[in-house]
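I have placed the structure first, in the form of structure tokens, so that the comments after it can refer back to it.
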Number of protein chains: 4
Amino acid sequence: MSEFILKKFKEPEVKNPVLVEGLPGIGHVGRIAAKHLCNELKAEKFASLFSDTFPPQVLIKKSGIIQEMRNDFYYWSSEDGKRDILFVVGNTQSSTPEGQYLLSNQILDISEKYGVKTIYTLGGLGVGRIVEKPKVYGAVTHEKFIPELEKLDVIVRRDGMGQIIGVSGLLLGLARIRGLEGMCLMGETSGYYLDPNSAKAVLEILTKLLGVTVDMGKLVEKAKAAERRVAEAQKMERKMMEDLGIIQKEPSEDQMRYIG
Amino acid sequence: MSEFILKKFKEPEVKNPVLVEGLPGIGHVGRIAAKHLCNELKAEKFASLFSDTFPPQVLIKKSGIIQEMRNDFYYWSSEDGKRDILFVVGNTQSSTPEGQYLLSNQILDISEKYGVKTIYTLGGLGVGRIVEKPKVYGAVTHEKFIPELEKLDVIVRRDGMGQIIGVSGLLLGLARIRGLEGMCLMGETSGYYLDPNSAKAVLEILTKLLGVTVDMGKLVEKAKAAERRVAEAQKMERKMMEDLGIIQKEPSEDQMRYIG
Amino acid sequence: MSEFILKKFKEPEVKNPVLVEGLPGIGHVGRIAAKHLCNELKAEKFASLFSDTFPPQVLIKKSGIIQEMRNDFYYWSSEDGKRDILFVVGNTQSSTPEGQYLLSNQILDISEKYGVKTIYTLGGLGVGRIVEKPKVYGAVTHEKFIPELEKLDVIVRRDGMGQIIGVSGLLLGLARIRGLEGMCLMGETSGYYLDPNSAKAVLEILTKLLGVTVDMGKLVEKAKAAERRVAEAQKMERKMMEDLGIIQKEPSEDQMRYIG
Amino acid sequence: MSEFILKKFKEPEVKNPVLVEGLPGIGHVGRIAAKHLCNELKAEKFASLFSDTFPPQVLIKKSGIIQEMRNDFYYWSSEDGKRDILFVVGNTQSSTPEGQYLLSNQILDISEKYGVKTIYTLGGLGVGRIVEKPKVYGAVTHEKFIPELEKLDVIVRRDGMGQIIGVSGLLLGLARIRGLEGMCLMGETSGYYLDPNSAKAVLEILTKLLGVTVDMGKLVEKAKAAERRVAEAQKMERKMMEDLGIIQKEPSEDQMRYIG
């Protein structure tokens, strides 16, 4: 195998599509958001990319069947022909710095082949605490994108220097060198667990930018399930700390009545 | 030296062989199992693979003679011509992520040259505690393998996502991309020491799948020796903790009689 | 993208220039010094170098616009034609050992193309404590440079072996192999924060060596701002330690009068 | 620069030389031993090898002049024409696993060009405690070397598997693949500091094997200086522990007389 193998299943039917990227990253925000959009639009998978720059392993699905590390390409053609979309999603980024550059350039090569000029990369912004209403931050290749983002309450200007690590950042940097343009949307996330709630916040912006409408129902469900798991974990942690005498027990309802 | 050097000693006499892989990994389960099968079948070594992706070192054998880091290929032709086997065993995997891909593809190239279509990779599944009767887990490239495995009490379906790190996983992933198929058998192991007992559990499944019979005597001996070393280590640990006053001394038999 | 992309904006008008290097390093001393000289001389940017050996990320500027990891080349032609200068500055060095060699050779290739024979690399020497009057250390490719440096109170001879890590060192080593020559000027710095004061000390030597004069005003301002931030941080640290009872509170002025 | 640059100063006048390797490693035992032999025989430097697999840095000598990371080749022709020697010494090994393989193969390529068939690699064996009379261990490519080594009290057979990490090991492993032969001599060393005493023990064996005689005076001096530094450090450590009350003060001579 050379460095990259592209297995193509069919020829995508797209006209001047934009690219939406959602690979694993902090809170898997970008990946969840892109995959949800992909699913809801019933986008079609047209190619898979394998690479020896990916981690040297396979995953095992619940069925016991293995899954290679890979990036998948999907396409969606809008009925009105106004806005076609290519997606790149998957279970991994590269395992080395050079690999990240090679991978990003592969994705751009494939995208350019189908006429992509604009790139939307999606990710999470780790804030180290649980966020109920995650804000969405933006970073752009060209100033012209800023007014539209700010109208949607995306935070673009910031106090100090920031950075976008990995494919979400490199795609934009390398795209601009090639004369393409785009932006990165980042949802606030604790960074402690998969965060569908942050993904939903990002997707609400992205769908407005793309002029598409999708049902958020499944994402809301996933977010609620995640919240339940977090609440459960917090309860267990609290109980453990009570048992260890680190914090005081809260009075039970019965005890409170008695006191009352 | 280019990236890989294959030193071939003879031409293997095989017809549609399967490949059995057992390289070093957790508890060295796969390596012990594959080497035992290799030895008992009196398989013949036909090639050694050297690579600059291996760790930059040599081993020193008890005799004082050095041993290069290498992977060895063996073959075994069944008398009835029903089931020939290629083996890849050795003292190392690659030292880098890309190297693991390169190595796995080298092994597949060599295997395909001799007609391999099905691959059995062997490994350990670390559970962090000593296991007396290790269960065997399976992961497959294609669903069709599952019924036979489940009939042999191999656990295939699982709760969450798992992963197979290294050559045992990559061989399967890359094989499937090439149109080949196979499975990984993983024996439960503590992961604390070489585990011939887990290797025996894996081999009991593999021999049934391959329709071969081998004597497990030497493996049972090795397992007993390993058990004795573990028991000894536990006894020493217990004594140390008694001496340090961390746990109470058990009464000796004499003391027990006295008490009685 | 191959390993390096050079985007050239214009042809530099220089005759036998020297090269001044200031890439990020300890205390960013070299980078601040080179950038200040570049700015004050109104040197012109003529090329940017991109590389997949750089960290796989982009930066986000305060405006929300991304900035690629890159090295920029500037040139300055002296009016009297006595001393032209090329500069290489930027926001990164390479992220791998081999990358550092490749990058240094790229910089030398570009420099040699414009006739560079002498190289000045700038950096910090971490001393682990805050330094009010930073000394400047020098290391040279050829003995002939030593007298001039010592006349300027640069410390050249030292007790034990030292080392110059990264591009500042490699440029000199690789230059000498090519038959070029040069030196590294290192300003003492704590290594805890960006150090414009150390950069100023380095620049005072470099400008004398190059026979150019530049206003240090902005550097002095930056140094004062850095000092204020450090003083502020020390005050906060002191207060925290007082609050925690680790050190005793200093009496306030009022208390002192009362005591008096 | 390609991966390796060989700067050749002159053509070595040798006939069927052996190669002696002494690059930096544990206690710098091999490097000190090889360099001492090189110096005492007045061997001549004939080439320097530079590589982008070396650490990305330069060293600064006491004079303030930089020194590239490099490996140097020396040759010595015996007067009686019985035993010519090539040496490879230097200030570094490679900084990556693949680099170590590339470097070892470079050294072998150069050595084979001048007819080398037998290789002696020198190193330290870290034992984690200060050793007054360091034993010398040996490992060989072929059994035939063992009797001669054992006659010289070199320990060849051992209890378990050992390993030789780095160029000292790889040279032997790769040499054997090429049909060459050799051995590694390892002197016991604490591993805490440069150990000329262990180097002397190794050299006493090597010179007998090579049939050369060299003065050990300078090595003895260096060993004594190292001993003094260690004793000094131990004294300071003892004093610090006394001051901290961790151990009791030894009575001074005066106090002892008084007691007496």
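Taken together, the values in this text are just the output of simple stated rules run on the coordinates, not laboratory data. Because the structure is predicted, anything quoted here is derived from the model rather than measured. Cβ atoms come from the backbone with ideal geometry, glycine included; neighbour counts cover every protein chain shown.
Data overview
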{"read-out": "Table column - 3J(HN,Hα) (Hz), the range A:184-191, Karplus curve with 6.51, -1.76, 1.60, x for Gly and Pro", "value": "10, 10, 10, x, 4, 8, 5, x"}
{"read-out": "At 0.890 mPa s and 25 °C, Stokes diffusion of the range B:88-192 via Kirkwood alpha-carbon radius, µm² per second", "value": "166 µm²/s"}
{"read-out": "Shielding of B:99-105 by partner chains, average beta-carbon count, 10 Å", "value": "4"}
{"read-out": "The protein assembly as shown pair-distance distribution - Cα-Cα, 10 Å bins, rounded %", "value": "2, 8, 13, 17, 20, 20, 13, 6, 2, 0, 0"}
{"read-out": "At 7 Å out from Cα toward Cβ: A:K239 inter-copy label distances (nm, ascending)", "value": "4.3, 4.3, 6.0"}
{"read-out": "Filtered chymotrypsin sites (Phe, Trp or Tyr not before Pro), the range D:1-71: DSSP coil and at most 16 other beta carbons within 10 Å", "value": "D:F9"}
{"read-out": "Placed amide H near D:N71: partners under 5 Å, 5+ positions off or other chain", "value": "D:L49"}
{"read-out": "Label-reachable residues, the range B:209-232, where backbone N falls under 16 Å from a point 7 Å from B:D153's Cα toward its Cβ", "value": "B:209"}
{"read-out": "FRET efficiency, B:N39 to A:S63 (Cβ-Cβ, R0 30 Å, nearest 0.05)", "value": "0.30"}
{"read-out": "Charge context of B:E44, other residues only, Cβ under 10 angstrom, K/R +1, D/E -1", "value": "+2"}
{"read-out": "Extension gain (nm, one decimal) between A:Q163 and A:E79, 0.36 nm per residue minus Cα-Cα", "value": "26.5 nm"}
{"read-out": "Whole-number percent relative contact order across the range D:70-144, with pairs defined as alpha carbons under 8 Å at least 6 apart", "value": "18 percent"}
{"read-out": "Placed amide H near B:S78: partners under 5 Å, 5+ positions off or other chain", "value": "B:R83, B:D84, B:I85"}
{"read-out": "Derived scalar couplings ³J(HN,Hα) [the range B:59-66; Karplus, 6.51 cos²θ - 1.76 cosθ + 1.60; whole Hz; x for Gly, Pro]", "value": "8, 10, 6, 4, 6, x, 8, 6"}
{"read-out": "Whole-number D in µm²/s for the range C:13-110 (Stokes-Einstein; Kirkwood sum over Cα pairs; 4 °C, 1.567 mPa s)", "value": "91 µm²/s"}
{"read-out": "Sequence-separation-based contact order of chain D, relative, with Cα cut under 8 Å and 6+ spacing, percent", "value": "22 percent"}
{"read-out": "Nitroxide proxy distance, nm - points 7 Å out along Cα→Cβ at A:E112 and B:E3", "value": "2.5 nm"}
{"read-out": "Residues B:C184, D:C38, sorted so that the one with the fewest Cβ neighbours within 10 Å comes first", "value": "D:C38, B:C184"}
{"read-out": "Debye log10 I(q)/I(0) at q = 0.13, 0.14 Å⁻¹ for the range B:4-215, Cα point scatterers", "value": "-0.69, -0.81"}
{"read-out": "Chain A, helix-only ellipticity at 222 nm - DSSP H runs n ≥ 4, -39,500 (n - 2.57), divided by all residues, nearest 500", "value": "-11500 deg cm²/dmol"}
{"read-out": "Coarse-grained scattering of the range C:111-260 at q = 0.14, 0.16, 0.21, 0.22 Å⁻¹, given as base-10 log I(q)/I(0) from a Debye sum over alpha-carbon atoms", "value": "-0.79, -0.94, -1.35, -1.41"}
{"read-out": "The range A:4-215: antiparallel DSSP beta bridges as a percent of all, rounded to 5", "value": "55 percent"}
{"read-out": "Beta carbon of chain A nearest to the axis of the rotation taking A to B, residue and angstrom distance", "value": "A:T96, 6"}
{"read-out": "Neighbour-count ranking [beta-carbon atoms within 10 angstrom, fewest first] of A:L37, B:L49", "value": "B:L49, A:L37"}
{"read-out": "Cβ-vector label at 7 Å, B:K218, separations to other copies in nm", "value": "5.4, 5.4, 7.6"}
{"read-out": "GluC sites (Glu not before Pro) restricted to DSSP loop in the range B:67-142 with at most 12 other C-beta within 10 Å", "value": "B:E79, B:E132"}
{"read-out": "From phi via Karplus (6.51, -1.76, 1.60), per-residue ³J(HN,Hα) for the range C:219-231 in Hz, x at Gly/Pro", "value": "5, 5, 4, 4, 5, 5, 4, 5, 4, 4, 4, 5, 4"}
{"read-out": "Semi-axes of the equivalent ellipsoid for the range C:147-193, Cα gyration tensor, largest first, Å", "value": "20, 17, 11"}
{"read-out": "DSSP bridge orientation in the protein assembly as shown - percent antiparallel, rounded to nearest 5", "value": "60 percent"}
{"read-out": "5 angstrom amide H check on B:Q163, placed H, neighbours 5+ away", "value": "A:I60"}
